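Asks: To start, I am sharing the structure in question, which I have written as structure tokens.
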Amino acid sequence: MNAPLLNAPLFPAAVGAADTPLLIAEGLTRYYGARLGCGDVNLTLHPGEVLAIVGESGSGKSTLLGLLSTELAPSAGRVLYRMRDGATRDLEALTEGERRLLLRTDWGFVRQHAEQGLRMAVSAGGNVGERLMAVGERHYGRIRAEAIDWLGRVEIAAERIDDDPRTFSGGMRQRLQIARNLVTRPRLVFMDEPTGGLDVSVQARLLDLIRQLVAEFGLAVVIVTHDLAVARLLSHRIMVMKSGHVIEEGLTDQVLDDPREPYTQLLVSSVLMP
Amino acid sequence: MTAETVTTPAPNGAEPPAIRYNFAYLDEQTKRMIRRAILKAIAIPGYQVPFAGREMPMPYGWGTGGVQVTAAILGACDVLKVIDQGSDDTTNAVAIRSFFETTAGVATTTRTADATVIQTRHRIPETPLKAGQVLVFQVPIPEPLRFLEPRETETRRLHGLGDYGLIHVKLYEDIARHGHIATTYAYPVTVNGRYVMDPSPIPKFDNPKMHMSPALQLFGAGREKRIYAVPPFTPVVPLDFEDHPFAVQHFAEPCALCGGQGVYLDEVILDDAGGRMFVCSDTDYCATRQGEGHTGRMSAPYAAPPATAATGAEPPIAASGSGDRP
């Protein structure tokens, strides 16, 4: 692999050890015409930290995720990211080429609908190998070995490597998406409702896998979910959004066990207990 | 190249000409516009230059792009050769050749060595090209990323950033499914170390001929309205993997008519009992060799036919050439 980014240390220090934040958002605001999508959001994310953004539909969670991942341009505010060379840079100042390289090496994006995050007409191996080829890997045997290794890590049988994701179940597709994203050892992964539309036992396995990979690679994760159980299981910190604004944030246990805002109290009390 | 007018010769030579065309059909302003696009294309090897393609008196898919490029570069003293899949005498080649005979009055030839401008559909002649010759390709789909990325805005961005990982995904899929790179025509190439280019649907057999060719190579896509070019002596490198390097097709037997080897052969089915022959796809090359006295297995006059052939029991000839041909 010839990309300079990949030659930097792969595993960031554990939580707490790195004092410099990985990702900083300052006053992020996005308007859709006259309507507010997301207003004046500030956050910092440290290496290895998992941040959950919760809230009901239309509260601006996905807009915020889009802004953080540079898929949307902010109306105001900025996002800073600490590159692998240690320099913290304003993402808007990156060139298109640098931004794309960042997206496919140091970042990952796991989407709710696997069809949006995968190439459905390309085999599982091709899906996993795409990032490697994009950063210059030109050896078929090595790409394939890496793909088989990653399919194993996400519990997909190696013999399915040449099947395309259309033949995969929903849970397998999500796991394939994760493998495809993690193959370049990113430091930051965005997840948009990764467990949406999966039945509970499959959800549980997927969450288990995500938790294990997060710990193994020291990933920093921003996860958007409306499922508070997912937030409790995965995240260290939580941000509650309503009508485009962050109304409450803190440690996950603290916010979920002792919600301060009436809206958060409503959210927490709305969870059904079987 | 002056703005002279060429008149259609009347059938019996006595009647006044019915239609008067500008030299090479297109008007001078259009030719200027196309030449500008060609100059830009030569300046940026492999880059697809948009141009205001005109309606030509033939359907899209019949070489409208190539014809416009040829019309723009043709001069009164040029000698034109037109081939279609290597052949000088198929419909497309005959029609385009007579089109320029009528509208430009230029000399035409079938001999590769004598031509100054060669318009081609899907082949590069076997006879090596010389400096000063221009090869004009007819291109159906100029975008090598088209079937991987449908959005034109996105493919242009990918070209701009030199972001070509996607095309290797396609080659990866080929190897995963077939055990080797199964793309046999329109095989993507990197031009001058920068742009990835679709060489038009020539067999990959012809790709090495593009590399460092002394001739100028121009590509015209009429429907998509794009022109691109490979200037003389420009490196043209096919994409591949380190452990699956690019390789051309090989044929197990020589041409049945001229005995030529190391050339691209067409398979011709002779009967419904498995009889077939392989002949040069380049008719000029084959005819030249036959004129020099070379013969193949089925050259006329036939040698006394073996007894098995008379009964139709001759075993089919094995050939390792890929059946997937443009």
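Asks: Compute the relative contact order of region A:118-183 as a whole-number percentage, counting only Cα pairs closer than 8 Å that sit 6 or more residues apart in sequence.
Replies: Result for region A:118-183 is 48 percent.
Asks: Given R₀ = 30 Å, what would the calculated FRET efficiency be for A:ARG211 paired with A:LEU266, taking r from the Cβ atoms and rounding to 0.05? Working shown, then result.
Replies: Numbers: r = 27 Å, r/R0 = 0.92.
The formula returns an efficiency of 0.65 here.
Asks: Still on this structure, I have one more. Just want to confirm a number: the relative contact order over region B:5-238, from Cα pairs under 8 angstrom separated by 6+ residues, in percent.
Replies: 25 percent
Asks: Taking 45 Å as R0, compute the FRET efficiency from the Cβ-Cβ separation of B:ARG35 and B:GLU267 and round it to 0.05.
Replies: Using R0 = 45 Å, I get an efficiency of 0.65.
Asks: How large is the helix-only mean residue ellipticity at 222 nm for chain A, computed as the sum of -39500 (n - 2.57) over DSSP H runs with n ≥ 4, divided by its residue count, in deg cm²/dmol to the nearest 500?
Replies: Mean residue ellipticity at 222 nm (helix-derived): -10500 deg cm²/dmol.
Asks: For helix A:200-217, report the angle its Cα long axis makes with the longest principal axis of the Cα atoms of chain A; keep it between 0 and 90° and round to the nearest 10°.
Replies: Here the helix axis deviates by roughly 80 degrees.
Asks: Output wanted: per-residue J couplings in Hz (rounded whole) for region B:113-128, from phi through Karplus 6.51 cos²θ - 1.76 cosθ + 1.60, θ = phi - 60°, x for Gly and Pro.
Replies: Running phi through 6.51 cos²θ - 1.76 cosθ + 1.60 with θ = phi - 60° gives 5, 8, 7, 9, 10, 10, 8, 10, 10, 6, 8, 10, x, 5, 5, x Hz.
Asks: Specify the angular offset, from 0 to 90 degrees and rounded to the nearest 10, of the alpha carbon long axis of helix A:96-105 from the longest principal axis of the alpha carbons in chain A.
Replies: 80 degrees
Asks: Please list, in chain and number order, the residues 5+ apart from B:TYR185 or on another chain whose amide H is under 5 Å from its amide H, with Hs placed from the backbone.
Replies: Long-range HN contacts for B:TYR185: B:LYS204.
Asks: Another one. State the antiparallel share, in %, of DSSP beta bridges confined to the protein assembly as shown, rounding to the nearest 5.
Replies: Antiparallel bridges: around 60 percent, rounded to the nearest 5.
Asks: Give the distance, in whole Å, between the Cα centre of region A:43-91 and the Cα centre of region B:105-171.
Replies: Measuring centre to centre over Cα atoms gives 44 Å.
Asks: Right, something else. Just check region B:242-302 against the gyration tensor rule for me: Cα atoms, a ≥ b ≥ c as the square roots of the eigenvalues, rounded for a/c under 1.5, and otherwise prolate or oblate depending on whether a/b exceeds b/c.
Replies: Note, shape of region B:242-302 comes out oblate.
Asks: In nm, give the distance between the simple-model label positions of B:THR102 and B:GLU152, each being 7 Å from the Cα along the Cα-to-Cβ direction.
Replies: Rounded to a tenth, the inter-label distance reads 3.1 nm.
Asks: In addition: Please identify the longest segment of chain B free of exposed GluC sites (Glu not before Pro), where exposed means a DSSP state other than H, G, I, E or B and no more than 15 other Cβ atoms within 10 Å. Write down the numbers at each step before the final one.
Replies: Working: sites that count: B:GLU4, B:GLU55, B:GLU242, B:GLU292.
Longest gap between qualifying sites, sites excluded: B:56-241.
Asks: Which shape class applies to region A:118-183: rounded if a/c is under 1.5, otherwise prolate when a/b exceeds b/c and oblate if not, where a ≥ b ≥ c are the square roots of the Cα gyration tensor eigenvalues?
Replies: prolate
Asks: Which distance in nm do the two modelled labels at A:ARG35 and B:VAL79 give, with both placed 7 Å along the Cα-to-Cβ direction?
Replies: 7.2 nm
Asks: What does the C-alpha gyration tensor say about the overall shape of chain B? Classify as rounded when a/c is under 1.5, otherwise prolate if a/b is larger than b/c, or oblate.
Replies: Verdict is oblate for chain B.
Asks: Can you give the average number of partner chain beta-carbon atoms within 10 Å of each beta-carbon in peptide B:154-167, as a whole number? Before the final figure, lay out the partial values.
Replies: On the way: counts 0, 0, 0, 3, 1, 0, 2, 7, 1, 6, 3, 11, 5, 1.
Counting other chains' Cβ atoms within 10 Å and averaging over B:154-167 gives 3.
Asks: When the Cα centres of region A:243-273 and region B:218-291 are compared, how far apart do they sit, in Å?
Replies: Result: 69 Å between the Cα centres.
Asks: Here's something else I'd like to know. When Lys and Arg each count +1 and Asp and Glu each count -1, what net charge do the other residues less than 11 Å away from B:GLY291, Cβ to Cβ, add up to?
Replies: 0
Asks: Would you calculate, for chain B, the mean residue ellipticity at 222 nm contributed by helices, counting each DSSP H stretch of 4 or more residues as -39,500 (n - 2.57) and dividing by all residues, to the nearest 500?
Replies: Numbers: 8 runs with 81 residues, N = 326.
That calculation yields -7500 deg cm²/dmol at 222 nm.
Asks: Still on this model: What does the net charge come to around A:LEU176 if you take all other residues with beta carbon closer than 15 Å to its beta carbon, with K and R at +1 and D and E at -1?
Replies: Residues close to A:LEU176 contribute a combined charge of +1.
Asks: Here is a follow-up. What's the magnitude of the charge dipole for region A:116-264 around its Cα centre, counting Lys and Arg as +1 and Asp and Glu as -1 at the beta-carbon? Answer in Debye, nearest 20.
Replies: Roughly 540 debye for region A:116-264.
Asks: Shifting gears a bit: Taking amide H positions as placed in the peptide plane 1.01 Å from N, state which residues far from A:MET191 in sequence (5 or more) or on other chains have amide H under 5 Å from it.
Replies: Under 5 Å from the amide H of A:MET191 lie the amide H atoms of A:VAL110, A:VAL222, A:ILE223, A:VAL224, each far enough along the sequence or on another chain.
Asks: For helix A:170-182, report the angle its Cα long axis makes with the longest principal axis of the Cα atoms of chain A; keep it between 0 and 90° and round to the nearest 10°.
Replies: 80 degrees
Asks: Find out how many positive minus negative residues lie around A:GLY244, taking Lys and Arg as positive, Asp and Glu as negative, among other residues whose Cβ is under 13 Å from that of A:GLY244.
Replies: Details: positive: A:ARG30, A:ARG35, A:LYS61, A:LYS242; negative: A:ASP40, A:GLU56.
My count for the surroundings of A:GLY244 gives +2.
Asks: Across the protein assembly as shown, how many lysine pairs, 8 or more positions apart or on different chains, have C-alpha atoms separated by under 26 Å? Please give the number.
Replies: So the count of such lysine pairs works out to 20.
Asks: Please name which of A:TYR140, A:ALA121, A:LEU151 has its Cα lying farthest along the dipole of region A:118-183 towards the positive end, using unit charges on Cβ (Lys, Arg +1; Asp, Glu -1) and the Cα centre as origin.
Replies: A:ALA121
Only the coordinates and a few stated rules stand behind these numbers; no lab work does. Model, not experiment: these values are computed from the prediction. When we count neighbours, we look across all protein chains shown, and the Cβ atoms used for this are built from the backbone with ideal geometry, even at glycine.
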